[in-house]
Each structure stands twice: as C-alpha cells, then as structure tokens.
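Visitor: This is the structure I want to talk about, given as structure tokens.
Coordinate-derived values only; no laboratory data. Please read these numbers as outputs of a predicted model, since none were measured by experiment. Cβ: placed from backbone, ideal geometry, glycine included. Neighbour counts: every protein chain shown.
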Amino acid sequence: MGNLLLVALTFMTMTLLALAISMTIFRSSLAMERRVQTFLPLSNLQLKNGGKKEGDLFVILKNRARLWIKKAMKESTKINLEKRLEEAGRPNGWSPADFMLIQFTFSTSLFFLSLFLFVPGAESFSSVLFLSIVLCLFGLFIPNFMLSVKIKKRMKQIDRMMPDFFDLLNLSMEAGMGLDASFQKVSKTLAGPLSDEFMKMMEDMSLGKSRKEAYMLLRERVKIPVFQQAITSLIQADQLGMGLSKTVSILTTRIREQRVFNAREQAMKAPVKMVFPLIFLIFPAIFIVLLGPMVIYLIQRGL
C-alpha cells in the first residue's frame, strides 16, 4: 500500500509540475489565442481541427510536442518513417512526428498503467519497476509492428487489384482514350489503394513534376516486383516513343500470367507447409484415436 501511495504521489507531482511548466512556457500563446478568438470566434485553423479551439491547452501541448519531436528527430529516421507511412497509405494523415508522438504516448501509458496494476500485490518495487520498463520498451515496438502489418495488408490489396486495374486501363486505351485520361477514369471507377496511388501520381504531375519523376515516386511507394516492372516498362516506352496502347496490352497479359504463376507457386508450397501440422498435430491425434482403446484394454488386462 505504501508503494502504491508513493507511485501515485510521484505521478501527481510530475503531472502538476509538467502542467505548471507548460502554462509558464505557453502563457503568451494562450493569451494571443484568447485575443484572436475574441475577434475571430472560429478561424480556418480551428476548422481544420474539426471545430475545436486551438487555444485549448491539450491542443497546444500536442502541437508543441510534435514540433519538439520534429526538431529532435534524426534526418535518417525521418526519411525512413516517411517512406513507411507512404507505403502504408498515410493512415489518418500521420507525419513522422505524429507517429513518434504516438509511440511515446503509448509506451508512457503502458509504463504508468503497469505500475498502478502490479504495485499493490508485488513483494518488491524493483521487480515491478523492471517489468514496467520492459512494457514501456514493448510499447515502443507495438506501433512499428502495426505499421508493418498495415503495409503488408495494403501491398496485398494492391497485388489483387492489379489485373483488373490494368484490364480496364487497356480497354480504355483501346477505346481511344489517352494514358492520363485512362488513369483518371479507371482510378475513379475502381476504389482501392492502387487507384489512390495512381491518383497521387496524377496530382504530382499536375503540381509540375515530370512524368518520369511521378512514375519513379510511384514505383518507390509500391514495392511489388511485378508492379515495379510494369512502371519501368511505362517509363521506357514513354522515353523511347513506343506505342503506349501496345505496351499496356503487353503489361496486362504479363500481369495475368504472373498471377497464375504465383498461384501455382503457392499451390506447390502447400504440401511443405502441411508437414509440420501433420506430424505434430494430426498424426498424434489419429494414433490416440486408433491405439488408445487398445492401450487401455492392455492396461486393464495387466499386460
């Protein structure tokens, strides 16, 4: 009970200290926001936050924390996180600083939650503290794991969409539409991550990037070998002046053939994957069902 009271008092002291420091640091920001809100009740910046007041302490603390993380973050870490978030489809519009803030918040919450849960019944405070630190480190790993799962799931969705997308693209170009118009038409027709990627490519081109640069950025975001080969073929066809309609037709056939080949490859791997459950799960159950009654009979007979 004494350890729990000590932890609670420590937590309250640190919280009040952080609140006092924040109020001191952000006093000018709060005063300025109150003056602005007197004349402008709802600014454009508040509309971006869903109508919430930007002068609220929580919002200011979040923005300041995001700014501090952005300044303290290494450039290599920022670039790596930026690429991974792009591969994941930029969930909730997160930036690298937002993701790091989520990691810090989650790990800190696990740390204090484990202290409050395990301290009352613990014999030694040091063991609980060690466990809390381990859970804190584990909390840093969980957002990365969830992001990896999101990336893998999104790449699978793109892989499934590719044959249908390029089929419609080929039909649109055979009907007389240009490549850019076909991309826009198919992207609006088929909803999914692949359509989002091509729409982003079209936005990059509309912002002044060359076709080659937009294609290369698209190829970096979608790390699927078949898709990257298709984009490389489009880049080469555009640079060499080849017929894009014929190129898209060849790519459509190749993607279909690659999908059939991948299905056959997965079917050939199935027997190998079934070896472990057969040996350690299915065969023992069969032996127990078949030989179990005989063993019981022999034991009862004393043999």
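Visitor: Can you give the extra length, in nm with one decimal, that the chain gains between Thr232 and Ser127 once fully stretched, where that is 0.36 nm per residue apart less the Cα-Cα distance?
Guide: 32.2 nm
Visitor: For the pairs Lys185/Lys269; Lys83/Lys273; Lys78/Lys273; Lys78/Lys223, flag any whose C-alpha to C-alpha distance is greater than 30 Å.
Guide: Cα-Cα > 30 Å for Lys185/Lys269; Lys83/Lys273; Lys78/Lys273; rest within.
Visitor: Between Ala175 and Lys70, what is 0.36 nm times their sequence separation minus the Cα-Cα distance? Round to one decimal in nm.
Guide: In short, 32.9 nm is gained.
Visitor: Aspartates and glutamates within cross-link reach of Lys152: Cα-Cα under 17 Å, excluding same-chain residues under 8 positions apart?
Guide: Reachable aspartates and glutamates: Glu82, Glu86, Glu87, Asp196, Glu197, Glu220.
Visitor: A further question follows. Which part of the range 66-90 falls in the paramagnetic zone of Val149, meaning amide N under 19 Å from the point 7 Å along Cα-to-beta-carbon?
Guide: 84-90
Visitor: Find how much the distance from Phe283 to Met199 grows on full extension, using 0.36 nm per residue of separation minus their present alpha carbon separation; answer in nm with one decimal.
Guide: 25.0 nm
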